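Structure, as structure tokens:
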Amino acid sequence: MKLTAAVFLVIIISWAANSALSIRFPDPISENPDVTADQILRTAVFALGSFWRSEAAFGCLDGVVRTAVGYAGGSKSSPEYRSLGDHAECVQIEYDPRIINFRQLLDVFWISHDARQVFGQGPDVGNQYRSIIFTNGTEESRFAAISKEREQTRLKNSVVTTQIQQRGTFYPAEPEHQKFELKRNPFLLQLIGNLPEEELERSSLATRLNGYAAELCPPRLQRQIDAKIKDILRKGWPILREV
Ligand code: MHO
């Protein structure tokens, strides 16, 4: 069952009341990077509207190790949020190809936005919200083209606006845009030990919780994380190490 806002509030209040005197602020967790796994990781980049949401949409998937938001697809060098020129807001996904593949990421790409929308996405208007699949040439371009055709067939009379582009430079966005959904939730941030920015950006746990905070994890995982959080609160040791 999904944790409702009311339940969440009650938990926070009782947690604060019960443990006001006993909260310990643990040292930040340093995740031991798995070097062998890191070597086989692949990277994908997609543009599908506001990068806050895009990052959250991919964060919960099994096999996604970490995500980052940034700018790509344009020509301006050193883009920034307030002056991104002709770039699009993008999410960069590092994934373990033994667990998830590019085609499965494409499936998530299509269901996470409306590729028919011209010059925007949802309420967000502008060229920076356009839909793009970046590929490394090779078979990724073929998979992208096939999936776009499939989407076009599915949507019949509307035009799928998604562009397929060779991947160029990905410019990481400013820290305040990274894991934005998670950062909106100080309770969750504290639950994982208030990691410093660089650790937060590299953390697989933060990547998942960013999706959880936006309620974009598959329902089974949302429930699983709800249960873990409840359990932690019950035990009174407010730290979450993995989900
Ligand atoms: N609708 C969003 C867009 C943010 S975005 C990262 C807003 O609240 O401004 O472009």
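The values are calculated or read from the model by the stated rules, or taken from the named source; none is laboratory data. Note that this is a predicted model, so its numbers are computed, not measured. For neighbour counting, all protein chains shown are included, and Cβ atoms are generated from backbone atoms with ideal geometry for every residue, glycine included.
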Condition met for L195 (over 15 Å from the mean Cα position of the chain (by Cα) and without any contact (Cβ under 8 Å) to a residue 24 or more places away in the chain): no
Residue list for the range 108-119, restricted to those being surrounded by fewer than 16 Cβ atoms within 10 Å (Cβ to Cβ) and at pLDDT 95 or above: I111, R116
So E174, is it under 17 Å from the mean Cα position of the chain (by Cα) and within 16 Å of the ligand (Cβ to nearest atom): yes
Residue pairs meeting the criteria (Cβ under 7 Å; at least 6 apart or on separate chains; first touching a residue at least 40 places away in the same chain (Cβ under 8 Å), in the range 110-128; second among the hydrophobic types (A, V, I, L, M, F, W, C) and within 10 Å of the ligand (Cβ to nearest atom)): Q128/L84
Residue count, the range 51-73 (criterion: within 15 Å of the ligand (Cβ to nearest atom) and either assigned to a strand (DSSP E or B) or out of contact with any helix residue (DSSP H, G or I) (no Cβ under 8 Å at 6 or more places or on another chain) (or both)): 8
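Name the single residue that is nearest to the ligand (Cβ to nearest atom) among those in the range 78-94 being part of a loop (DSSP other than H, G, I, E, B) and charged (D, E, K, R). Lay out the reasoning, then the answer.
Applying the first criterion (part of a loop (DSSP other than H, G, I, E, B)) to the range 78-94 yields 78-79, 81-82, 84-87.
So of that shortlist, the ones also charged (D, E, K, R) come out as 82, 86.
Numbers: R82: 11, D86: 15 Å.
The extreme case among them is R82.
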Candidate set: the range 165-178, residues that are touching a helix residue (DSSP H, G or I) at 6+ places or on another chain (Cβ under 8 Å) and surrounded by 15 or more Cβ atoms within 10 Å (Cβ to Cβ); chosen: the one nearest to C90 (Cα to Cα): A173
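Residue check: is K183 out of contact with any His (no Cβ under 8 Å at 6 or more places or on another chain) and surrounded by 18 or more Cβ atoms within 10 Å (Cβ to Cβ)? If you could, list the steps in order and put the result at the bottom.
On the way: out of contact with any His (no Cβ under 8 Å at 6 or more places or on another chain): yes; surrounded by 18 or more Cβ atoms within 10 Å (Cβ to Cβ): yes.
Here the answer is yes, as K183 does meet what is asked.
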Near pairs, Cβ below 7 angstrom, 6+ apart or cross-chain, from the range 88-106 (under 25 Å from G126 (Cα atoms)) to any residue that is acidic (D, E) and within 16 Å of the ligand (Cβ to nearest atom): V91/E55
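Taking the options E215, E181, E149, E197, name whichever one is more than 30 Å from S78 (Cβ to Cβ) and in contact with a helix residue (DSSP H, G or I) (Cβ under 7 Å, 6 or more places away or on another chain).
On the way: E181 fails: more than 30 Å from S78 (Cβ to Cβ); E149 fails: in contact with a helix residue (DSSP H, G or I) (Cβ under 7 Å, 6 or more places away or on another chain); E197 fails: more than 30 Å from S78 (Cβ to Cβ).
Of E215, E181, E149, E197, the one residue that is more than 30 Å from S78 (Cβ to Cβ) and in contact with a helix residue (DSSP H, G or I) (Cβ under 7 Å, 6 or more places away or on another chain) is E215.
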Whichever residue in the range 111-121 is of a type in the set (S, T, N, Q) and within 19 Å of the chain's Cα centre (by Cα) and, among such residues, is farthest from the ligand (Cβ to nearest atom): S112
R184 being within 24 Å of A115 (Cα to Cα) and not hydroxyl-bearing (S, T, Y): no
Subset tally (residues that are within 16 Å of the ligand (Cβ to nearest atom) and either of a type in the set (A, V, I, L, M) or surrounded by fewer than 20 Cβ atoms within 10 Å (Cβ to Cβ) (or both)) for the range 127-150: 2
Condition met for I225 (at pLDDT below 95, more than 30 Å from S78 (Cα to Cα) and crowded, with 19+ Cβ neighbours inside 10 Å): no
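Based on what the data block shows, is D124 among the charged types (D, E, K, R), modelled with pLDDT of 95 or more, within 16 Å of the ligand (Cβ to nearest atom) and surrounded by fewer than 21 Cβ atoms within 10 Å (Cβ to Cβ)? Break it down stepwise before answering.
Numbers: among the charged types (D, E, K, R): yes; modelled with pLDDT of 95 or more: yes; within 16 Å of the ligand (Cβ to nearest atom): yes; surrounded by fewer than 21 Cβ atoms within 10 Å (Cβ to Cβ): yes.
Yes; evaluated as a whole, the condition is true for this residue.
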